[in-house]
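The values are calculated or read from the model by the stated rules, or taken from the named source; none is laboratory data. None of the values given here were measured: they were computed from a predicted structure. When we count neighbours, we look across all protein chains shown, and the Cβ atoms used for this are built from the backbone with ideal geometry, even at glycine. Surface accessibility is based on the protein's heavy atoms, side chains included, excluding ligands, DNA and RNA. Shrake-Rupley method; radii C 1.70, N 1.55, O 1.52, S 1.80 Å.
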Amino acid sequence: MLSRFLGRRFIGNLRKPAVAGSFYPSKPDELEAMVEGFLSRVRDVVAYPKAMIAPHAGYIYSGPVAATAYAAVRKMRDSVFRVVLLGPSHWHAFSGLALPRADHLMTPLGMVPLDQEAVSKALQFSQVSVRDHVYDREHSLEVHLPFLQVVLGEFVVIPLLASRATPSEVSEVLEALWGDDSSLLVISSDLS
């Protein structure tokens, strides 16, 4: 019975990692050590960002650069409890922005709950829809989760994939989800 679920990314309301073992280590201790190693090489950071841009490639390529952004977030561990995560869809073209149906996103470091209130708020916009299949092989959001888990500990996330969305469609949704000082906006970017 279990064998029929092994290849699926979504089991119930849990989204399993798609790129653990390829973009970053699949073993929790190795993953945490890698992230901590990247963070330990960053000089002291003074900034306390409300929003940031960080890369989403495999950790051997993007890890050191992502760590420079996440080192500042680590200082906000006791004040940031909600992350709005926005990234591009690499595998599927669709109109607007997509959310998964999942209640939790999983990494080797554990599960991250979705902010269901914010998800409901986002779904009030016509450019936002639930599209599980666009998350199947997608890495642009997933690779940020282990960094966030290490620097923030516990938090909720609003994971938004963008495809054919206009700047005004994206900004309208982000403005609605911007939140207070306990929220952080992370934009996932390609390296180039």
Q. Magnitude of the Cβ-charge dipole of the chain, K/R +1 and D/E -1, about the Cα centre, nearest 20 debye?
A. 420
(Q) Which residues does the label zone of R43 cover in region 61-101, counting backbone N under 12 Å from a point 7 Å along Cα→Cβ? (A) none
Q. With each label point set 7 Å from Cα along the Cα-Cβ vector, what nm distance links D190 and E154?
A. 3.9
Q. Dipole of the chain (Lys/Arg Cβ +1, Asp/Glu Cβ -1, origin at the Cα centre): which of G179, A66, V80 lies farthest to the positive side?
A. A66
Q.
List the lysines whose Cα sits under 17 Å from the Cα of K50, skipping any in the same chain fewer than 8 residues away.
A. K75
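Where the accessible area of the chain is counted over protein heavy atoms with a 1.4 Å probe, how much of it, in %, is carbon and sulfur? Write down the numbers at each step before the final one.
Working: 5160 of 9420 Å².
Here it works out to 55 percent.
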Q: List every residue whose amide H lies under 5 Å from the amide H of L185, counting only residues 5 or more places away in sequence or on a different chain, with H placed 1.01 Å from N in the peptide plane.
A: A51, M52, V84
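If I take every Cα pair under 8 Å that is 6 or more residues apart in the chain, average their sequence separation and divide by the length, what percent do I get for the relative contact order? Walk me through the numbers before you get to the answer.
On the way: 356 pairs, mean separation 66.8, N = 192.
That works out to 35 percent.
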Q. In nanometres, what is the gap between the two model label sites at D103 and L123, each 7 Å from Cα along Cα-to-Cβ?
A. 1.4
(Q) 7 Å from Cα along Cα→Cβ at both R74 and A176: what's the point-to-point distance in nm? (A) 3.6
Q. Excluding same-chain residues fewer than 8 positions from K16, which aspartates and glutamates have a Cα within less than 19 Å of its Cα?
A. D29, E30, E32, D103, D115, D132, D136, E138, E142, E154
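What accessible area per residue comes out for region 58-97, rounded to a whole number of Å², with a 1.4 Å probe? Each step should come with its number before you reach the end.
Details: 1700 Å² over 40 residues.
Heavy-atom SASA per residue in region 58-97 reads 42 Å².
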